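Derivation of every value follows stated rules applied to the coordinates shown; laboratory data play no part. None of these values were measured; they are calculated from a predicted model. With ideal geometry, Cβ positions are generated from the backbone for all residues, glycine too; neighbour counts draw on all protein chains shown.
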């Protein structure tokens, strides 16, 4: 038994927006990581400038916000990557699925008619 047999006469659809988005995702991932990190670094280097009376509390808040921003951005990038991958796969050639014989496809079984 061979796996992934292409259907005859199936043509893949042309590539579209999904490839452009997939190519930009590494840059988006890097930027969405570095920008919050840079904000935390600036706040850490100058805590008395921004922190006021309690710089430790201020740095803790900035750190939590930076981590939350990075995790949210990574989740969004991962979700978009999954969506683009699904679109790429669906636009590809069609493949033959495993055969499943329907026993009573042309004439329903008697018990099915009695239930409805």
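If you rank 72, 33 by fewest surrounding Cβ atoms within 10 Å, what's the result?
72, 33
Once you have the Kirkwood Rh of region 37-78 from its Cα pairs, apply Stokes-Einstein at 10 °C and 1.306 mPa s and quote D in µm²/s.
148
I need the per residue convex hull volume for region 17-92, using only the alpha carbons, in cubic angstrom as a whole number.
64
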Least to most buried among 40, 58, 46, by other C-beta atoms within 10 Å and fewest first, runs 46, 58, 40
Given the Cα-Cα distance of residue 42 and residue 65 and 0.36 nm per residue of separation, how much length would full extension add, in nm? 6.9 nm
Average Cα contact separation per residue, region 17-92, under 8 Å, 6 or more apart, as relative contact order %: 46
